[in-house]
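Bear in mind these aren't lab numbers, they're just calculated from the coordinates by the rules spelled out. None of these values were measured; they are calculated from a predicted model. Methodologically, a virtual Cβ is constructed for each residue, glycine included, from the backbone with ideal geometry; neighbour enumeration extends over all protein chains shown.
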Ligand code: NAD
Ligand code: MG
């Protein structure tokens with residue numbers, strides 16, 4: 001197994017699953033960004049032989065800290081190499097930087113356990129081609145998609161004609177029910193507090209704007225081959241129902257569990273076997289309320305923006321995700337306010353001209369173009 005993005009929230013929770021299943025997997029490679037000491041600790045604990053670091057300037061320091069017998073690879077090319085060389089590849093990198101992992105793992109016919117939604121959405125037309133490689137399989141770690149995957153078990157026909165809609169649940173984030181006026185007062189600390197999940201900073205901010213749910217609509221459409229017109233978002237504050245599938249006969253199948261990402265991670269790694277560890281159990285012996293409500297699309301325009309990008313296709317989802325990455329990073333650096341994030345993404349999308357995505361190189365160029373637009377807008381407004 002290769003675990004790329006080993007030092008992040010999903011990465012560390014994947015290591016937790018491996019610690020409980022020491023005989024099921026051999027961790028042959030890991031990669032991370034810049035936290036070399038943490039990578040070295042993981043490498044020592046699991047006997048990892050190849051380690052990827054993000055920046056060329058860290059190469060020598062990484063070799064020094066990892067010692068003899070561990071090969072060091074660098075950057076996106078390094079990630080791609082590691083993704084080709086394991087049977088099971090976990091893509092736990094954040095953002096567009098995860099692209100080489102997804103493309104190379106599928107091209108090499110590997111099982112890809114996917115957390116990295118950003119590059120998957122951006123590259124959807126290219127991913128569709130490499131998914132046909134013999135042996136290639138995508139298993140979704142994202143909890144909603146892992147739920148839908150399980151709820152679709154009996155729906156095996158391409159395009160799922162027996163399904164009326166996919167119902168993606170959303171916690172609603174920390175600002176559920178807030179008016180637009182109150183949202184104008186949000187601080188960085190407020191946005192970094194998620195009510196039900198503990199995650200990396202980028203996805204935590206995305207969950208506060210509901211851009212995460214918008215990205216997940218695109219992710220579900222690409223994963224399951226279902227048009228976004230058949231995907232609905234349902235706010236469910238308890239985060240116990242992880243998503244649902246409504247069949248054409250009116251029957252709705254849901255997957256429930258306590259909110260703990262180790263469960264979908266373990267599901268992907270164990271499949272078709274279910275590991276005999278409960279990551280917490282729902283207590284049905286005491287009163288339990290599960291509630292559902294529609295999202296407030298006026299207060300959270302990220303969702304309609306994502307639907308619009310899905311309908312345009314081509315590089316529009318790549319632009320949406322790239323502009324969002326730039327805006328979220330600016331917010332995390334206190335360069336813009338919380339209420340600026342989604343309008344910046346919307347303004348970048350206004351500048352998008354339809355492009356058909358033919359190659360990874362074209363996608364990388366489109367990603368860069370959208371980032372430039374977002375960076376310019378932020379600089380201009382300051
Ligand atoms: P995180 O910020 O905690 O971790 C990101 C990881 O990526 C780190 O190991 C970091 O070192 C690595 N990384 C970043 N840039 C890199 C680069 N250029 N090269 C190599 N490694 C790089 O993020 P996270 O919360 O673990 O999220 C990871 C992905 O999983 C995101 O796409 C997110 O949307 C998705 N996801 C996360 C959760 C969650 O609960 N955290 C749930 C569902 C989906
Ligand atoms: Mg999710």
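Tabulated results
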quantity	calculated
Residue 339/residue 368 FRET efficiency (R0 30 Å; Cβ-Cβ; nearest 0.05)	0.70
For the range 260-312, convex hull of alpha carbons as volume per residue, Å³	164 Å³
Percent of beta bridges antiparallel (DSSP, the range 143-306, rounded to nearest 5)	65 percent
Förster-model FRET efficiency, 41 Å R0, residue 157 and residue 21, C-beta, rounded to 0.05	0.80
Kirkwood hydrodynamic radius of the chain, from inverse mean 1/r over distinct Cα pairs, in Å	21.3 Å
FRET E, pair residue 230, residue 351, Förster distance 45 Å, beta-carbon r, rounded to 0.05	0.95
Scattering profile of the range 313-382 at q = 0.15, 0.17, 0.19, 0.25 Å⁻¹ [log10 I(q)/I(0), Debye over alpha-carbon scatterers]	-0.43, -0.54, -0.66, -1.02
Neighbour-count ranking [beta-carbon atoms within 10 angstrom, fewest first] of 111, 187	187, 111
Ranking of 179, 243 by count of other Cβ atoms within 10 Å, fewest first	179, 243
Burial ordering of 60, 114, fewest other beta-carbon atoms within 10 Å first	60, 114
Burial ranking of peptide ranges 294-303, 212-221 (average Cβ count within 10 Å, highest at the top)	212-221, 294-303
Fraction of beta bridges assigned by DSSP in the chain that are antiparallel (%, nearest 5)	30 percent
Computed over the range 1-139, Cα set: Rg, Dmax in Å	14.0, 41
In nm, spacing of pseudo-spin labels at residue 181 and residue 35 (7 Å Cα→C-beta vector)	4.2 nm
Potential lengthening between residue 190 and residue 61 on full extension [0.36 nm per residue; Cα-Cα distance subtracted]	42.8 nm
Residue-averaged [θ]222 nm for the chain, counting only DSSP H segments that reach four residues, each worth -39500 (n - 2.57)	-13500 deg cm²/dmol
Cα-projected label distance for residue 283 with residue 258, points at 7 Å along beta-carbon direction, nm	1.0 nm
Equivalent ellipsoid semi-axes - Cα gyration tensor, the range 97-199, angstrom	33, 19, 12
The range 164-243-the range 309-382 distance, computed between alpha-carbon centres (Å)	19 Å
